[in-house]
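In what follows, a single structure is set out as structure tokens and then discussed.
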Amino acid sequence: MLTPWQHVPFQSLLAEHGLAGLPEREFPTDGWSGARFSLIERGRDRFVIKRTSPAIDWIAAATEDHFVREAWLAATWFGGSSELAYIGAGDDGDVAAILLPDLSVELIAWDRPEHETALPVNALDRVLRALANLHAVPWPGLLEEDRPFPWTPLPERLLLTSRQMCARHIASGIPAGVTSAERLLAGWDAFDRRAPRLARSLVDDLSADVTPLVRALSRLPSVGLHGDLKLANVALGPGDRVRFIDWSMTIVAPVAVELGWFLVSNSGSLPERPDRVLERYRRAASSVPEHEVIPGADREARVIGDWQLQIDLAMIVGLLLRGFRKGLDAEAGVTLASGESAVDDLAWWCDQAVAASARLT
């Protein structure tokens, strides 16, 4: 089966936008998946090209992304939501090539030593409003009008950074995957040295068999999620405009999966503690305009469901996915943007996740 992007020669897409024959130059990014990026300019207009495939991108390989879901999304539905920034995608030989505007000046600085400052609260609220709107709009159904979309499998997403998955990254032979696995394993070693026994056991047990977490998540409503909402993937434009990039792990799952990752991956930039950030998201989710939701739908039941259960599972998801970095930060004596020490933050996450797990049994 040919995917939508495979029907479009990438050179034709470039020609359509007056970019054919223009030189490309390497475009450095914060990504570490193995995808390749280049910059192309047309007068004052700048565009980014992302080239990816499971053969070069370890995240694509690990999440069974055989159809390159981000290119599929860019080729079919880039105009369907204000939160997407794509121009299009096409077939470029042995890789999918995705074209988007250069949003460098709008992207939020993230996880960079020279930008260790807290995100302003008003900017955080803008991001959370856009995220809540994304969760409330029934876009997965719109995307699947013609054929099933290759969503990220939930177990693979939950285990992406686990020790067990690291073995797959190394076995894949993808250079970026091997390098990433080494970084992840070093972080999990630090986590094991720093985390309490019960938290270590929780992470080890779920890494060996994530079924109990998947089963608990099935008790909550599933909606369309971005899947990898680091702040580096968020562009704050003029006015209230917010756009998200890097939809390579988009998934249909409870918002707990999105929120858990959002909290742990952005702890170096979030201006408040995780519980306060969750409160802000909850308020944003309650104020999504009614016209953005399926007419007559019960928004709270369709998107949120049991809010306390969402919080509990977000705590478990967060520690499972990012405990490795919290261990590294604790050993390095880092102070987070919220003003809390990484040592205290690790202890808080461990306590929350263990307590949440106990409530599920």
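Points worth noting:
- Checking each residue in segment 2-17 for being over 24 Å from D65 (Cα atoms), touching a strand residue (DSSP E or B) at 6+ places or on another chain (Cβ under 8 Å) and of a type in the set (A, V, I, L, M) picks out only L14.
- Test set (1) surrounded by fewer than 21 Cβ atoms within 10 Å (Cβ to Cβ); (2) β-branched (V, I, T); (3) over 21 Å from C166 (Cβ atoms) - T211 fails condition number: (3)
- Long-range neighbours under 6 Å by Cβ, at least six apart or interchain, first residue within 18 Å of G43 (Cα to Cα) and in contact (Cβ under 8 Å) with a residue 60 or more places away in the chain within segment 1-27, second in a loop (DSSP other than H, G, I, E, B) and open to solvent by 50 Å² or more (accessible area, probe 1.4 Å): L14/A20
- Counting the residues of segment 121-158 that are under 25 Å from W58 (Cβ atoms) and outside any helix (DSSP H, G or I) gives 6.
- For segment 23-45, residues that are open to solvent by less than 70 Å² (accessible area, probe 1.4 Å), in contact with a Leu (Cβ under 8 Å, 6 or more places away or on another chain) and either charged (D, E, K, R) or assigned to a loop (DSSP other than H, G, I, E, B) (or both) total 1.
- Filter result for L328 (assigned to a helix (DSSP H, G or I), in contact (Cβ under 8 Å) with a residue 60 or more places away in the chain and open to solvent by 30 Å² or more (accessible area, probe 1.4 Å)): yes
- Taking segment 46-73 as the range and being among the acidic types (D, E) and surrounded by 20 or more Cβ atoms within 10 Å (Cβ to Cβ) as the test, the residues that pass are D57, D65, E70.
- Considering each residue of segment 51-69 in turn, none proves to be under 18 Å from L107 (Cβ atoms) and not in a loop (DSSP other than H, G, I, E, B).
The values are calculated or read from the model by the stated rules, or taken from the named source; none is laboratory data. Quantities reported herein were computed from a predicted structural model and do not represent experimental measurements. Glycine also receives a Cβ, built like all others from the backbone with ideal geometry; neighbour counts cover every protein chain displayed. With ligands, DNA and RNA removed, areas are computed over all heavy atoms of the protein, side chains included. Shrake-Rupley method; radii C 1.70, N 1.55, O 1.52, S 1.80 Å.
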